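Worksheet: the structure to be examined is printed underneath.
The values are calculated or read from the model by the stated rules, or taken from the named source; none is laboratory data. Here the structure is a predicted model, which means the values were calculated and not measured. Positions of Cβ are backbone-derived with ideal geometry, glycine not excepted, and every protein chain shown enters the neighbour counts. These accessible areas exclude ligands, DNA and RNA; they are computed on the full protein's heavy atoms, side chains included. Shrake-Rupley method; radii C 1.70, N 1.55, O 1.52, S 1.80 Å.
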Amino acid sequence: GRPIDDRFWNSYGIIGGEVGGHVHDYSVGISGNAITFGVGLPKPEAVGTPWESTRNNQTLIAENAINDTDWHHIAVTRDVVSGEMAIFIDGELAMNEIPDPCYVPDPNDPNDLAPLVEVPAIAMGPTGYKDAPATLIIGAQRFNPKSGMMERSVAGELDDLKFYNYVLTADEIKNLLFKSMDAWYPMEAGESYRGCW
């Protein structure tokens, strides 16, 4: 697969709400073999803090392999008030492996590397509503009015797309997964298969 890009606007859009420039935008996409979930914040709203602040544009990445021809349930949550963002894959909070930030390596041993630890795919991002996109694009990152073409399109299938006006709990997300699986029928021998996510 492609390497992971940590800027949400460069992902291949599952739900594209990316608008050029520093605006209240967002998107959910695929980068490499990972899910990305990003939100933006305009520069003028960062008054009193350096623009480079991590509370401005935020991209959350779930490194779980999802681009594997299997059906996957993807859910993202974002709290408008706190800015907390999370990614759930197949009913579980996604986990990423990172070098242990508490590990102190031996300064005399260049091969003494921090062990990997799992951390949840949760981040604090910008607060407030993300209303810059006039429309959402399903299956692409954005529409380019100059070329008249969709950009950063995803090749695959989407099913049962839902939006909520509140933050779902982990249990509610797990229940959605099981409801989705009720309608998923196994393939018979000899039938063709196309993965969808």
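So the values come out like this:
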| quantity | calculated |
| --- | --- |
| Long-range neighbours under 6 Å by Cβ, at least six apart or interchain, first residue exposed (fewer than 10 other Cβ atoms within 10 Å of the Cβ) within the range 98-116, second modelled with pLDDT under 85 | 115/100 |
| Which numbered condition residue 188 misses (of (1) modelled with pLDDT of 85 or more; (2) open to solvent by 90 Å² or more (accessible area, probe 1.4 Å); (3) over 30 Å from residue 22 (Cα atoms)) | (1) |
| Some residue of the range 87-99 being more than 15 Å from the chain's Cα centre (by Cα), among the acidic types (Asp, Glu) and over 24 Å from residue 173 (Cα atoms) | no |
| Qualifying residue in the range 155-168 (condition: modelled with pLDDT under 85, over 18 Å from the mean Cα position of the chain (by Cα) and part of a loop (DSSP other than H, G, I, E, B)) | no |
| In the range 169-179, the residues that are at pLDDT 85 or above and either open to solvent by 40 Å² or more (accessible area, probe 1.4 Å) or assigned to a loop (DSSP other than H, G, I, E, B) (or both) | 169, 170, 171, 172, 174, 175 |
| Residue 140 at pLDDT below 85 and either open to solvent by 60 Å² or more (accessible area, probe 1.4 Å) or hydrophobic (A, V, I, L, M, F, W, C) (or both) | yes |
| Any hit, the range 125-139, residues being touching an Asp or Glu at 6+ places or on another chain (Cβ under 8 Å), farther than 25 Å from residue 171 by Cβ and without any contact (Cβ under 8 Å) to a residue 60 or more places away in the chain | no |
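Listed here are the residues, each with its yes/no results for (1) acidic (Asp, Glu); (2) more than 16 Å from residue 28 (Cβ to Cβ); (3) open to solvent by 40 Å² or more (accessible area, probe 1.4 Å).
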{"residue": "69", "(1), (2), (3)": "no, yes, yes"}
{"residue": "91", "(1), (2), (3)": "no, yes, no"}
{"residue": "118", "(1), (2), (3)": "yes, yes, yes"}
{"residue": "122", "(1), (2), (3)": "no, no, yes"}
{"residue": "154", "(1), (2), (3)": "no, no, no"}
